[in-house]
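Colleague: Sharing a structure with you now.
The values are calculated or read from the model by the stated rules, or taken from the named source; none is laboratory data. Keep in mind that what you see is a predicted model, and the values were worked out from it rather than measured. Virtual Cβ from ideal backbone geometry, glycine too; neighbours counted across all protein chains shown. All accessible areas refer to the heavy atoms of the entire protein, side chains included, with ligands and DNA or RNA removed. Shrake-Rupley method; radii C 1.70, N 1.55, O 1.52, S 1.80 Å.
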Amino acid sequence: MTGSTLQRSAAGHDMAEPWWRGAVGYEIYVRSFADSNGDGVGDLAGITSRLDYLSWLGVDAVWLTPFYPSPGHDHGYDVSDYCAVSPRHGSLEDFDTLVREAHRRGLRVMVDIVPNHTSIEHQWFASARNRPEGPDRDRYLWADPASDGGPPNNWRSHFGGPAWTFDEASGQYWCHLFLPEQPDLNWRNPAVREDFDSILRWWTDRGVDGFRVDVAHGLVKDARLRDNPQIAPITEGMDPFDAFDAFEHRHDMDQSENVEVFRRWSRVCAPRQAMLLGEVNAPWPDRMSRYVEPGALDQVFFLRTAFLGWAPETLLTMVRSMHDAAPQQISWVLSNHDRSRPVTRFGGGESGLQRSLAVTTLFMALGGTPFLFQGEELALPDGVLRAGLHDPVSVRNEGAIHGRDGCRTPMPWDSSAHNGFSTGDPWIDSEFRPPEHTVDGQRDDPDAAVHRYRSLLAVRRRHPDMWRAPLQWIETADPRVAALRRGSIAVVANLSDRRARVPLGSPGWQPVFESRAGSSLDNREHEAISVPAESTVVLATDQ
Ligand code: GLC
């Protein structure tokens, strides 16, 4: 137990509410955030040394990507021990220090839990493989070959090829929705359920405030391992993600029993006030909202907005339907460590920044917990690699597809060697970022992205109606313009390519945040707001 207490919670926050109501989260990709010992890999002590920056920025919680012992086939998402720290990233003592120092600053700490699969090097898998008759065999999904000797069914790995690998010794295949080195656990086995209850307890006892649940939609598989219906042909050299999407994932993902697992987890986590936040990739909005029924997960990430290029109408339609299906249970994101950065996806440069900030401003006025991905507040474009590929998706598919390395390059702190990330050679070799893309460079420039994101977070903190008051959509003439009112706050997101005028229905409004300067109130009655193209304005009224 760290025994530390929190000194701060979101303004306007009622202590009877869970801590994440009104909070803003920040994803730290641990490998690439800050390296304290010069070995080129980010670590926990590095994160601790940068907590003052996160406090200054104004986020309320950090989510740390996996830092557990792992052979690293999927950069930590292949865990070989769930209750330890990889020496690559530090020690348990470093973890305790990080939690204590974060709590001292009022920051919550969430860790990533990876329950769909373990590493091939986890002792459970070693025992399951070496002793087919032993008690650990059934912790994983094994199946006999099909009649032609091939894989037992047509399930695919997200990362390319079949979701099954043959084990010569036992003559059976093991299942893996990701790499062969990430064997899927059998969530129908009570021993697996019990072990994860203990893992959740172990980390909450150490002071963590919540869990990001990796591949939460994947846990339970069809008991009969039936084939998935194929809905599109698979062609030679096809992108593995497209090949995965050539099937309706009726039997390998999003089984109803997943929610039972999270009800069980909630019984462990709710009394400890630990948030359960799922990475759920399921048909939406109905299937997504099932995961956040009372007593299951607290929130789910809505990841579709992190996949999109600049498509304002699609984006706003998605956001509105997902919001309306689960008004307070969506964690809104434009990016994470698996996706191209939004500035790049939205056209690059100043335009990419304007568009990203316009959407994020809208997210700040929706009910759930929005998350920024490290560097998003600097409006970073994707990093450019100088050499090598690291993402197993690119390596395994001979670089034929756009992998995930571009969003995983080091956080640029300053203009010293390796942008201040490490004194040694970083694990990933990417181009130097110019001073205007670094934390230090931006802190000296009041117009820089970091100050705009920081002001936005401050406005959300100052106006709890932005996340708490009941939301009413204001209908607009253009589907690329969304407007809403919540209590004393109104928000107009004009994602169209021209100025938009939206009536507010009552006088007395004042802009409190503009993602791009230049909005103007109707000068007669202050009843309408005119908003520049591709920008969002937040208004407050005292009426
Ligand atoms: C999640 C992670 C991703 C990882 C995969 C397999 O989608 O975000 O990085 O590769 O799960 O664990």
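Colleague: From Cα pairs below 8 angstrom and at least 6 apart in sequence, can you work out the relative contact order of the chain, rounded to a whole percent?
Modeller: Across the chain, relative contact order equals 13 percent.
Colleague: Between Arg498 and Ser91, what is the label-point separation in nm under the 7 Å Cα-to-beta-carbon projection?
Modeller: If labels sit at Ser91 and Arg498, their model points lie 6.5 nm apart.
Colleague: Hey, got a sec? Which trypsin sites (Lys or Arg not before Pro) in region 176-271 land in a DSSP loop and have at most 13 other Cβ atoms within 10 Å?
Modeller: Of the trypsin sites (Lys or Arg not before Pro), the ones in loops of region 176-271 whose Cβ has at most 13 other Cβ atoms within 10 Å are Arg224, Arg250.
Colleague: OK, next. Take every DSSP beta bridge with both residues inside the chain and express the antiparallel ones as a percent of the total, to the nearest 5.
Modeller: 60 percent
Colleague: Give me the 1.4 Å probe accessible area per residue for region 123-175, excluding ligands and nucleic acids, in Å².
Modeller: 47 Å²
Colleague: What is the magnitude of the charge dipole of region 470-540 about its Cα centre, with +1 placed on the Cβ of each Lys and Arg, -1 on the Cβ of each Asp and Glu, and no other charges, expressed in debye to the nearest 20?
Modeller: For this selection, approximately 60 debye.
Colleague: Rounded to the nearest 10 Å², what accessible area does Val85 show when all protein chains are kept and the probe is 1.4 Å?
Modeller: Counting only protein heavy atoms, the figure is 20 Å².
Colleague: Put +1 on the Cβ of each Lys and Arg and -1 on the Cβ of each Asp and Glu in the chain; which of Leu276, Trp413, Ser430 then has its Cα farthest toward the positive end of the dipole?
Modeller: Leu276
Colleague: Using a 1.4 Å probe over the heavy atoms of the protein chains, calculate the carbon and sulfur portion of the accessible area of region 78-237 as a whole percent.
Modeller: On region 78-237, the fraction of accessible area on carbon and sulfur atoms equals 46 percent.
Colleague: Before anything else, pin down the relative contact order of region 470-540: Cα pairs under 8 Å, at least 6 apart, normalised by residue count, whole percent.
Modeller: 33 percent
Colleague: Now a separate question. Going by amide H atoms built from the backbone, whose H comes under 5 Å of the H on Phe247, apart from near neighbours?
Modeller: For Phe247, whose amide H was placed from the backbone, the distant partners under 5 Å are Ile231.
Colleague: Before I look further, what does region 34-106 give for accessible area per residue, probe 1.4 Å, in whole square angstrom?
Modeller: So region 34-106 comes to 29 Å² accessible per residue, rounded to a whole number.
Colleague: Here's something else I'd like to know. How much FRET efficiency would the formula 1/(1 + (r/R0)^6) give for Ser147 and Asp39, where r is the Cβ-Cβ distance and R0 is 51 Å, rounded to 0.05?
Modeller: 0.50
Colleague: How large is the helix-only mean residue ellipticity at 222 nm for the chain, computed as the sum of -39500 (n - 2.57) over DSSP H runs with n ≥ 4, divided by its residue count, in deg cm²/dmol to the nearest 500?
Modeller: -7000 deg cm²/dmol
Colleague: Quick check for you: with a 1.4 Å probe and neighbouring chains kept, what is the accessible area per residue of region 470-540, in Å²?
Modeller: Computed with neighbouring chains in place, this is 44 Å² per residue.
Colleague: Run the simple label-point estimate for Asp429 and Leu225 please: 7 Å along Cα→C-beta, distance reported in nm.
Modeller: Here the modelled spin labels are 4.3 nm apart.
Colleague: Which residues make up the longest stretch of the chain clear of GluC sites (Glu not before Pro) that lie in a DSSP loop with no more than 11 other Cβ atoms within 10 Å, not counting the sites?
Modeller: The segment 237-397 is the longest one with no such site.
Colleague: Of all the accessible heavy-atom surface of region 470-540, with the other protein chains kept in place and a 1.4 Å probe, what percent is carbon and sulfur?
Modeller: The C+S portion of the solvent-accessible surface of region 470-540 is 48 percent.
Colleague: Would you work out the relative contact order for region 123-175, in percent, from Cα pairs under 8 angstrom that are 6 or more residues apart?
Modeller: That works out to 29 percent.
Colleague: To the nearest 10 Å², what's Tyr29's accessible area with a 1.4 Å probe?
Modeller: Tyr29 exposes around 0 Å² with every protein chain in place.
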